[in-house]
1. Full-extension gain between ARG21 and GLN89, please, as 0.36 nm times their residue separation minus the C-alpha to C-alpha distance.
2. Could you give the Stokes-Einstein D for segment 32-73 in µm² per second, using the C-alpha Kirkwood radius, 25 °C, 0.890 mPa s?
3. Using just the C-alpha positions of segment 9-90 as equal point scatterers, what log10 of I(q)/I(0) does the Debye formula give at each q in 0.12, 0.18, 0.26 1/Å?
Amino acid sequence: MEVKNIEKKVNRTRPYAYSFRVSEEEKRLLDEKVTASGMNRTDYLIRALSDKPIVNIENGNEILAELKRQGNNLNQAVKNNYFGDITEQELLSAVDECKSVYRKLSSAIGGS
């Protein structure tokens, strides 16, 4: 009976692991920044290394939920407009609500 050596391959987008040492103060600082970012340590370090902004938005989940609701409202308004069940004013109102939420979100992350 022939026994084949079966090699298990793992397909990962990040196949390399790094380990490094830090001082107590550096550990505290890193842990604080990771916690404040709301990301996991890997995502935080990758963003920091690639010079991507690390933004923590207070009440970000609530803002995102509202943006999704307004997007859903806009989709329904467009659909109803297509079938003639909505006025142009109602459609424009839905668009204005989406713009308002977008401006609030943009302002929260430091946009203009």
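1. Numbers: separation 68, 0.36 × 68 = 24.48 nm, distance 6.10 nm.
Stretched fully, the ARG21-GLN89 segment lengthens by 18.4 nm.
2. On the way: Rh = 11.7 Å.
Translational diffusion coefficient: 210 µm²/s.
3. -0.63, -0.89, -1.23
All of the numbers you see were taken from the coordinates with simple rules; none came from a lab. Note that the structure is predicted; figures quoted are calculated from it, not measured.
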